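Report on the structure given below.
The values are calculated or read from the model by the stated rules, or taken from the named source; none is laboratory data. No experiment lies behind these values; they were computed from the predicted model shown. Here the Cβ positions follow ideal geometry from the backbone for every residue, glycine too, while neighbour counts run over all protein chains shown. In case anyone asks, the SASA skips ligands and DNA or RNA and just uses the protein heavy atoms, side chains included. Shrake-Rupley method; radii C 1.70, N 1.55, O 1.52, S 1.80 Å.
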Amino acid sequence: MLLALAVLSAAALSAAALAGRAEAQDVGGALAQLATNKYDDTEAALSVLALSGDPAAVGIVSALAEGRLVFGGTPPRVFIQGEGGALLDPLTRQPVADAPAVKPVRVNNRVRRAIEAASGALSLVSPDPAKRLEAAQAVGRSRDAAALPALDAVLAKETDPKVKSALALARASIVIGQAGVPEADRIAAIEVVGAQGNQDALALLRSVPADASPAVKDAAAAAIAGIERNLALWGAAQNVWYGLSLGSVLLLAAIGLAITFGVMGVINMAHGEMVMLGAYTTFVVQELIRTHNPGLFDWSLIIAIPLAFLFTGLIGVIIERTVIRFLYGRALETLLATWGISLILQQAIRTLFGPTNREVGAPSWMSGSFEIGQLSITYGRLWIIVFALLVFVALLAVLRLTRIGLEMRAVTQNRRMAASMGIRTNWVDAMTFGLGSGIAGMAGVALSQIDNVSPNLGQSYIIDSFLVVVFGGVGNLWGTLVGAMSLGVANKLLEPYAGAVLGKIALLVIVILFIQKRPRGLFALKGRSIEA
């Protein structure tokens, strides 16, 4: 806001300078005026410096604002007082050999306002395009007609396309609401603002004065309608992106369950706790890195992924060997047993780490966002989508290209025939359960970046994971992928109309009705549970 006010004041000074108030039109002449130590001359000199664009002008104005601009000698000359009282030439910043006795250039409230104005105007002609862009945006937000002379002056000289566009938009923002502007100029300004196609442009177009001509009002109405259509399309695209982000999370949480449920027919209620253990593995890895080698923090997730896979995979094998293998074919007992295991794991984590949320930081390469049009994309969500697809492809490769994958598919299709061919089905069950649990652990590494790491983390995803698996087709990885993405996108598209809670309920009803028609899901896969 201060920058905007300064630029606006500079515009008034610029107009005065162009009208002839300043006696000199270069930095040297402005220095001569400053040496007179008269308020009027100082103000006029500031108006010249504001328009000069000379790099030295920035230092001169800053020195005057800080009380370090002094004058002295015969004839009077201006100096900048450096550290230790040394006098510096204001143009070269080199020490002055024959330093005379000096005193500060006087400043009053009127001069202080002129200093602020000059500082803002110099931002518009700064050698740094970023500063010029910031100044142009500040002027556009202020929408004060006093800034038009300064805008016209710098717009004619600007060469950077991005800055020039910002200057043109700032000028158009002012012209739209200014009284006495020719109709053609106002319509042209409406076209410039309308081309932005965002909410700020919409607000500007709705501020067209009520006494504007019918042609201007029609142009504004057409631009508003175009922006609203554009924003509706971008809004839908944003919801689809959010849906894909949610779908990738569901895919990570469900993909391990898909192979476990498909091969073994086990309803594993402790699958969510495998996700939770993966998230806590990430927390432990980051704590160790913070303590012993903080420079490795950006690698913490890369290190945590294989560790989470091995740790949760081992826990999964232990659960299968000690509990699950005694309960095959007894679905209700398996469900109750795994539910009990989930409670044990939750309480164990509460005992070790406490019931409160744990902080898991994001590495620098997952921080920030970028925009495509009106679509905002965060790097964290983007990397999670990429990670989910990589896990999916890796799992497909394991199932298609490895011996354990071949044996898992054989057991899925016909367990008795696989056993008669010499496949150790008990070993396949253990490895399958371990693989599914390990993938859930890797999902926990990713989810630690977007959700609270707490003992209840897995409970948030277990129901949705089963929903994805059943909807896509039990044991079918492609069905899990399509089901996760479909449910994620559908959920986010329903939310704006039905709300988060009602949208999820509506989606659940739709899935139930769908399963009534296709009990085996989108992509049916022949397996032991289906044959039984």
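Contact annotation: residue pairs with Cβ atoms under 8 Å, 6 or more positions apart or on different chains, pairing a residue in segment 269-296 that is part of a loop (DSSP other than H, G, I, E, B) with a partner that is among the hydroxyl-bearing types (Ser, Thr, Tyr), are Met269/Thr338; Met269/Ser342; Ala270/Thr338; Ala270/Ser342.
Report yes if Asn452 is out of contact with any helix residue (DSSP H, G or I) (no Cβ under 7 Å at 6 or more places or on another chain), surrounded by fewer than 18 Cβ atoms within 10 Å (Cβ to Cβ) and closer than 30 Å to Leu343 by Cα, otherwise no. Against the criterion (out of contact with any helix residue (DSSP H, G or I) (no Cβ under 7 Å at 6 or more places or on another chain), surrounded by fewer than 18 Cβ atoms within 10 Å (Cβ to Cβ) and closer than 30 Å to Leu343 by Cα), Asn452 qualifies. Between Val428, Val445, the distinction of being crowded, with 21+ Cβ neighbours inside 10 Å, aliphatic (A, V, I, L, M) and closer than 21 Å to Leu327 by Cβ belongs to Val428 only.
I'd like to know if segment 212-229 contains one or more residues that are open to solvent by 30 Å² or more (accessible area, probe 1.4 Å), of a type in the set (Asp, Glu) and at pLDDT below 80. No, segment 212-229 contains no residue that is open to solvent by 30 Å² or more (accessible area, probe 1.4 Å), of a type in the set (Asp, Glu) and at pLDDT below 80.
I'd like to know if segment 245-260 contains one or more residues that are surrounded by 14 or more Cβ atoms within 10 Å (Cβ to Cβ) and modelled with pLDDT under 80. Checked segment 245-260: at least one residue is surrounded by 14 or more Cβ atoms within 10 Å (Cβ to Cβ) and modelled with pLDDT under 80.
Please tell me if Leu288 is under 26 Å from the mean Cα position of the chain (by Cα), open to solvent by 50 Å² or more (accessible area, probe 1.4 Å) and at pLDDT 85 or above. No.
Listed by first and then second residue, the pairs linking a residue in segment 439-455 that is free of Cβ contacts under 8 Å to residues at least 60 places away in the same chain to a residue that is buried (at least 21 other Cβ atoms within 10 Å of the Cβ) and of a type in the set (Lys, Arg), with Cβ atoms under 7 Å apart and 6 or more places separating them unless they lie on different chains, form an empty list. Within segment 33-50, restricting attention to residues that are assigned to a helix (DSSP H, G or I) and open to solvent by 60 Å² or more (accessible area, probe 1.4 Å), the residue that is farthest from Pro104 (Cα to Cα) is Asp40. In summary, Leu375 fulfils each of the numbered conditions (1) open to solvent by 40 Å² or more (accessible area, probe 1.4 Å); (2) more than 19 Å from Gln286 (Cα to Cα) with the single exception of condition (1). Residues that are surrounded by 13 or more Cβ atoms within 10 Å (Cβ to Cβ), under 23 Å from Gly226 (Cβ atoms) and touching a residue at least 40 places away in the same chain (Cβ under 8 Å): does segment 184-200 have at least one? Yes: one or more hits.
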